[in-house]
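Asks: Got a structure for you, written out below as structure tokens; questions coming shortly.
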Amino acid sequence: MDAAGLARVGEQLDTFVGEVFSSLERKDQREKAGLYARGLMLDGRRKSMQPMAQRLRVDHQRLQQFVTTSPWDVVPVRKTLSRRACDLVAPDAWVIVKDGDSSPGVARQYSGTLGKVGNCQIAVSVHAASDAASAPLDWRLFLPESWDDQSTTEPDAVAAITARRRRSAIPDAEHHRPKWEMAVEMIDELIEWGRTPPVAVADAGYGDATAFRLALTDRGIDYVVAVKGATSAHPGDAIPQTAAYTGRGRPPTPRYGPHTTCKDLVLAAGRKALRTVTWRQGTKTSPNNPTAAMRSRFAAMRFRPANRDIPRAEDGTLPAVWLLAEWPTGADEPTDYWLATLPEDTPLPELVRLAKIRWRVEHDYRELKTGLGLDHFEGRSWLGWHHHATLVTAAHLFITTLRLADPKATGQD
């Protein structure tokens, strides 16, 4: 947004900042929050503190102190932001995302931003999403084992990790945890804040974690999550059988026969099970697709995931859920698989729409990272990163509010 555009919405921004950052006790802190948000929204390639300060014509120390060392609490701010975001977006799903590439928490690990293993930082976040818009609801910074002083007992390694943690002011209670566990923690926090979870959507990094799926089920949250084609499965009509009792030892319990995989179930159903579904309109038209329809072929069937950790009913049966598979025209086999706990009467187009709704967050995430500088934080403090991510969230929600009211208001659509 250029300076003139920002000036036109200045009063709206002041009102927005006043509400969102009302938990900050001092007036000067709230003013700095508004100043930082303006810096994030102003046009410019870098949204680190010095370039922003130059564009704002202020001393960058004002921004640095507010973000890096000022002890304001992000929780009440995020609580307010999440309420406003859910009211604005009216989400069809909460989408769990992992991404990032700065510090603290830097280690060699896979980054979606880089598309490879490299020195990067991973943030885990939950986003409210509909087909029209998305907005971050909560954030966590993932700590690799190389940043966890409890990951080793070797004295020199512990000392080095402890020193690194101290330089970044990482709280003693923060340690390496699986990303799915951090996602569940955020979902619990959002529920505690009064947010009502719709459907949870996540990629296979979460969907392949049985513990994550069970945690959602325990909370009564339906989900549509990507899984690998090799995921163990039984057909939906499979029935466990009880072997005859020989009179010796414990009586046998009901057991399923050998399991198969999601891929094999879909291949067995064959191309005759496929239906063409259009889930949204894209932007790239062509002579063969003048409406830019996003469409592909899908199969949906009931099946029973066969992981040994999944609780069984008293009769030994495993829960039946949806298996959704995408098998594009010209492909020799399915390319993507999803597991969904939506009701049995859910139409195929709705299963596909929710499975694909991550596109909205991926689209908006580019604005968060580059347009609003989520990836541009150059500080080295744990507190600073969380302050920066919270301020980026506020700036993004304000722009999303303007865009939904008038797509031309921000010069984007």
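The values are calculated or read from the model by the stated rules, or taken from the named source; none is laboratory data. None of the values given here were measured: they were computed from a predicted structure. We place every Cβ from the backbone using ideal geometry, glycine too, and count neighbours over all the protein chains shown. The protein model used for the area step is the full one, side chains on, heavy atoms only, and it has no ligands, DNA or RNA in it. Shrake-Rupley method; radii C 1.70, N 1.55, O 1.52, S 1.80 Å.
Asks: In whole Hz, with x marking every Gly and Pro, tabulate ³J(HN,Hα) for the range 239-256 from phi via Karplus 6.51 cos²θ - 1.76 cosθ + 1.60, θ = phi - 60°.
Replies: Working through the residues one at a time gives 10, x, 10, 9, 5, 5, 7, 8, x, 10, x, 6, x, x, 9, x, 9, 7 Hz.
Asks: Ok, one more. Can you pull out the trypsin sites (Lys or Arg not before Pro) in the range 195-252 that DSSP calls coil and that have at most 16 other Cβ atoms within 10 Å? Show your work: numbers first, answer last.
Replies: Working: sites: Arg195, Arg213, Arg219, Lys228, Arg248; in loops: Arg195, Arg219, Lys228, Arg248.
Sites meeting the loop and neighbour criteria: Arg219, Lys228, Arg248.
Asks: Given contacts defined as C-alpha pairs under 8 Å and at least six residues apart, what's the relative contact order of the range 186-309, whole-number percent?
Replies: With pairs under 8 Å counted, the relative contact order is 22 percent.
Asks: Please calculate how many Å² of accessible area the chain carries per residue, with a 1.4 Å probe and no DNA, RNA or ligand atoms counted.
Replies: Result: 48 Å² per residue.
Asks: Quick one: ranking Cys262, Cys86 by accessible area, 1.4 Å probe, largest first, what do you get?
Replies: Cys86, Cys262
Asks: In whole angstrom, how far apart do the alpha carbon centroids of the range 163-191 and the range 51-89 sit?
Replies: Result: 20 Å between the Cα centres.
Asks: Along the range 130-138, what does the Karplus equation 6.51 cos²θ - 1.76 cosθ + 1.60 (θ = phi - 60°) give for ³J(HN,Hα), rounded to whole Hz, x for Gly and Pro?
Replies: So the Karplus estimates, Gly and Pro as x, are 10, 5, 8, 6, 9, 7, x, 10, 6 Hz.
Asks: With everything on Cα atoms, drop me the angle between helix 382-405 and the longest principal axis of the chain, reported from 0 to 90° to the nearest 10.
Replies: 80
Asks: Now for a separate question. Show Thr393, Thr335 ordered by accessible area, largest first, where the area counts protein heavy atoms only and the probe is 1.4 Å.
Replies: Thr335, Thr393
Asks: Helix-derived [θ] at 222 nm for the chain: sum -39500 (n - 2.57) over DSSP H runs of at least 4, divide by residue count, nearest 500?
Replies: Computed ellipticity for the chain at 222 nm equals -11000 deg cm²/dmol.
Asks: For the chain, compute Rh as the Kirkwood radius over C-alpha pairs and then the Stokes-Einstein diffusion coefficient at 10 °C and 1.306 mPa s; write the answer in µm²/s, rounded to an integer.
Replies: 67
Asks: Taking the full set of protein chains and a 1.4 angstrom probe, give the accessible area of Phe377 in square angstrom, rounded to the nearest 10.
Replies: 10
Asks: In whole percent, and with a 1.4 Å probe on the protein chains, what portion of the accessible area of the chain is carbon and sulfur?
Replies: 50
Asks: Going by amide H atoms built from the backbone, whose H comes under 5 Å of the H on Thr261, apart from near neighbours?
Replies: When sequence neighbours closer than 5 places are left aside, the close amide H contacts are Ala233.
Asks: If you fit an axis through the alpha-carbon atoms of helix 10-20 and take the longest principal axis of the Cα set of the chain, what angle between them do you get, 0 to 90°, nearest 10?
Replies: In the chain, helix 10-20 runs at an angle near 60 degrees to the longest axis.
Asks: Right, another one. Tally Lys and Arg at +1 and Asp and Glu at -1 over the other residues with C-beta under 15 Å from the C-beta of Pro349: what net charge comes out?
Replies: With Lys, Arg at +1 and Asp, Glu at -1, the net is +1.
Asks: Only sites in a loop by DSSP and with at most 13 other Cβ atoms within 10 Å count here; which trypsin sites (Lys or Arg not before Pro) in the range 339-413 make the cut?
Replies: Lys408
Asks: Give me the lysines in straight-line cross-link reach of Lys356: C-alpha distance below 29 Å, same-chain residues under 8 apart excluded.
Replies: Counting by Cα, and skipping residues close in sequence, Lys356 has these lysines nearby: Lys79, Lys98, Lys116, Lys179, Lys228, Lys263, Lys272, Lys284, Lys369, Lys408.
Asks: Once ligands and nucleic acids are excluded and a 1.4 Å probe is used, how much of Asp73 is accessible, expressed in Å² to the nearest 10?
Replies: The accessible area comes out at roughly 80 Å².
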